[in-house]
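Undergrad: Below is the structure I would like to discuss, written out as structure tokens.
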Amino acid sequence: RCSTAEISNATSDAIDAWLIYHDGYQLRFVHSLLRDALYHSMPPDQRARLHHTIAREMIAQPNPEHRAAEISDQLQAALPHSSTQVATNFAFAAGTQAAARYAYSRAKFYLERALRTAKDDAAITDTQICEILLELGQAILYTGSRDEARSRILEAASVARRVDSKSLLARCALS
């Protein structure tokens, strides 16, 4: 783990050269083309490991759930170096938070990510997948795509029947 002084020393030359700047909250590149050129010049495995390190540091901060979307983005970019279960949990949290803010397209994005990641992890239970499908169905419904929402909710109902969960099946029926 790097201290603030170590980070400051490591970035001072880049700040002096006007490559990055501190916006009062975080360090940023002065231009997105510079950022993208440097990012894509790194080997993919090194990029994934750096994303994993960033995600770990963000999770270690107080109240990481308040930055669920940013952490989800880092964990997604870190795969396969990050835990798929943790990645699923943060993507789900980001999706439900977006839905709570009426940002249903954004909720759909993160909930679809959670579903994809969950299906790649045998440790994720069918009950968790059903929860994701239910939230995803609701988000899709509010984006105006009724047929797609219906399909996801019916998929959730099928999973609820398979796990024999009456409460989940009832939630599906009420969706």
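The values are calculated or read from the model by the stated rules, or taken from the named source; none is laboratory data. Small disclaimer: the values here were computed from a predicted structure and weren't measured. FYI the Cβ positions are ideal-geometry reconstructions off the backbone, even for glycines, and counts take in every protein chain you see. Note: areas computed on protein heavy atoms with side chains; ligands, DNA, RNA excluded. Shrake-Rupley method; radii C 1.70, N 1.55, O 1.52, S 1.80 Å.
Undergrad: With a probe of 1.4 Å, find how much accessible area the chain has per residue, and write the answer as a whole number in Å².
TA: 61
Undergrad: Where in the chain lies the longest segment free of trypsin sites (Lys or Arg not before Pro) that are both loop residues by DSSP (not H, G, I, E, B) and have at most 16 other Cβ atoms within 10 Å?
TA: Details: sites that count: Arg1, Arg101.
The answer is 2-100.
Undergrad: Still on this structure, please answer the following. What angle do you read, to the nearest 10 degrees and between 0 and 90, between the alpha-carbon axis of helix 104-119 and the longest principal axis of the chain?
TA: 80
Undergrad: Strictly greater than 20 Å: what percent of every Cα pair in the chain meets that? The partial results should precede the final answer.
TA: Values: 9320 of 15225 pairs.
So the portion of pairs separated by more than 20 Å is 61 percent.
Undergrad: Treat every Asp and Glu Cβ in the chain as -1 and every Lys and Arg Cβ as +1, leave all other atoms uncharged, and give the resulting dipole magnitude about the Cα centre to the nearest 20 debye.
TA: Details: 20 positive and 20 negative charges, 120 e Å.
That gives a dipole near 580 debye.
Undergrad: Obtain the nm distance between the two label points defined at Arg162 and Ile59 by a simple spin-label model: each point lies 7 Å from its Cα along the Cα-to-C-beta direction.
TA: Computed distance between label sites Arg162 and Ile59 equals 2.6 nm.
Undergrad: Any chance you could check the Cα centroid distance between region 33-87 and region 105-150 for me, in angstrom?
TA: Taking the Cα centre of region 105-150 as reference, the centre of region 33-87 is 22 Å away.
Undergrad: To continue, here is another question. Please give me the summed charge of the neighbours of Ala170: other residues whose Cβ is under 15 Å from its Cβ, Lys and Arg +1, Asp and Glu -1.
TA: Values: positive: Arg161, Lys166, Arg171; negative: Glu131, Asp164.
Local charge sum for Ala170: +1.
Undergrad: While we're on this one: Roughly to the nearest percent, how much of the accessible area of the chain is carbon and sulfur, given a 1.4 Å probe? Write down the numbers at each step before the final one.
TA: On the way: 5860 of 10740 Å².
That fraction is 55 percent.
Undergrad: Helix-derived [θ] at 222 nm for the chain: sum -39500 (n - 2.57) over DSSP H runs of at least 4, divide by residue count, nearest 500?
TA: On the way: 9 runs with 128 residues, N = 175.
My calculation for the chain gives -23500 deg cm²/dmol from helical runs alone.
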